[in-house]
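Data block below; observations after.
The values are calculated or read from the model by the stated rules, or taken from the named source; none is laboratory data. Keep in mind that what you see is a predicted model, and the values were worked out from it rather than measured. Every residue, glycine as well, gets a Cβ built from its backbone with ideal geometry; the counts of neighbours run over all protein chains shown. Each accessible area value is taken on the protein alone, full model and side chains, heavy atoms only, with ligands, DNA and RNA left out. Shrake-Rupley method; radii C 1.70, N 1.55, O 1.52, S 1.80 Å.
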Amino acid sequence: MASILSSAIIVNAKTSVSTYVTTAQGLFDELSSVINNLTASGFIGDASNGFQEFFTTKVTPVLQANLTEPGTSITAGITSMLDSIKEQLLDIVDPQLGEINKDPTASMQQ
């Protein structure tokens, strides 16, 4: 089934990615807060310290690098790709094709 790509679709997709990043960051902040509260009061000792270190050194970097970090995360890559599609296809190729379609013989005379 064919579909029509438009600037509005790109804008909506970027808005969805932004919402996803905001939601992921909020959930991460909430999880981080719960872990900090847990390891500060009821869960203490070596096991608690190991859990906190695991979360800080392993989980946090992966979540941030993959989901929320501007410029390098997967979601930043998706946003960049959407910008590129808009710039290369919709802003350049589509207008050129529009001009060619208005007068197909003009492109043959060049």
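Among the residues of the stretch 20-63, how many are open to solvent by 80 Å² or more (accessible area, probe 1.4 Å), in a helix (DSSP H, G or I) and of a type in the set (Ser, Thr, Tyr)?
Looking only at that region, the number is 2.
Return the only residue of Ile78, Ile85, Ile74 being open to solvent by 90 Å² or more (accessible area, probe 1.4 Å) and in contact with a helix residue (DSSP H, G or I) (Cβ under 9 Å, 6 or more places away or on another chain).
On inspection, the qualifying residue turns out to be Ile74.
Answer with yes or no whether Ile92 is among the β-branched types (Val, Ile, Thr), closer than 26 Å to Lys14 by Cα, open to solvent by 70 Å² or more (accessible area, probe 1.4 Å) and in a helix (DSSP H, G or I).
yes
Just a yes or no: is a residue in the stretch 2-11 open to solvent by less than 60 Å² (accessible area, probe 1.4 Å), touching a helix residue (DSSP H, G or I) at 6+ places or on another chain (Cβ under 8 Å) and either basic (Lys, Arg) or not in a helix (DSSP H, G or I) (or both)?
Within the stretch 2-11, one or more residues are open to solvent by less than 60 Å² (accessible area, probe 1.4 Å), touching a helix residue (DSSP H, G or I) at 6+ places or on another chain (Cβ under 8 Å) and either basic (Lys, Arg) or not in a helix (DSSP H, G or I) (or both).
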